[in-house]
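Beneath this line is the structure, given in structure tokens, with notes to follow.
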Amino acid sequence: MNGLRIAGWAAVGAAALGAGAFGLLADSVPPAPTRGAVGGATYSPIRQSRHQALVVTSLRTGAAEAVAGLKVGDTLEAVNGYPDVTLVNLRAAEARRVPATLKVQRNGDVFMLTLLREAPGGAS
């Protein structure tokens with residue numbers, strides 16, 4: 001009987017040790033990139049050499065992004081001159097309610113677009 005008790009406690013200890021090791025491994029795995037919407041478009045984050053970028057995955061018809069000339073598949077490489085494009089800094093640029101300058105890459109070509117925003121309360 002004592003042998004079974006000792007074996008049982010050994011199994012509990014091994015399970016706890018394994019769970020702890022799994023926790024350490026899980027902490028070292030980077031989170032999966034998340035898609036997100038900003039304004040009238042959705043984006044998926046990607047990594048380009050040393051910078052983050054966003055790929056346009058969908059556009060709402062008539063949205064400021066579509067009117068500015070963005071197309072599905074375009075890659076945003078910079079917003080207002082900042083090369084790390086994340087959903088957070090794109091939302092911050094949108095919240096400023098002033099035109100945002102986007103550096104866009106499409107089919108190997110790189111160009112600039114100006115994203116205009118409506119004044120609060122809509123267009124007059």
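The values are calculated or read from the model by the stated rules, or taken from the named source; none is laboratory data. Model, not experiment: these values are computed from the prediction. Here Cβ is always computed from backbone atoms with ideal geometry, including for glycine, and neighbour counts include all displayed protein chains. For accessibility, only protein heavy atoms count, side chains too; no ligands or nucleic acids. Shrake-Rupley method; radii C 1.70, N 1.55, O 1.52, S 1.80 Å.
Key figures for this structure:
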| read-out | value |
| --- | --- |
| Residues of segment 94-112 classified as without any contact (Cβ under 8 Å) to a residue 12 or more places away in the chain and aliphatic (A, V, I, L, M), total | 2 |
| Single condition residue 46 does not satisfy, out of (1) open to solvent by 70 Å² or more (accessible area, probe 1.4 Å); (2) modelled with pLDDT of 90 or more; (3) at negative phi | (1) |
| Residue count, segment 74-91 (criterion: assigned to a strand (DSSP E or B) and either modelled with pLDDT of 95 or more or open to solvent by less than 60 Å² (accessible area, probe 1.4 Å) (or both)) | 5 |
| Some residue of segment 1-17 being modelled with pLDDT under 55, assigned to a loop (DSSP other than H, G, I, E, B) and open to solvent by 70 Å² or more (accessible area, probe 1.4 Å) | yes |
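A quick yes/no check of all residues on (1) part of a strand (DSSP E or B); (2) small (Gly, Ala, Ser); (3) within 19 Å of residue 100 (Cβ to Cβ); (4) modelled with pLDDT of 80 or more:
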position: 33; (1), (2), (3), (4): no, no, no, no
position: 37; (1), (2), (3), (4): yes, yes, yes, no
position: 42; (1), (2), (3), (4): yes, no, yes, yes
position: 70; (1), (2), (3), (4): no, no, yes, yes
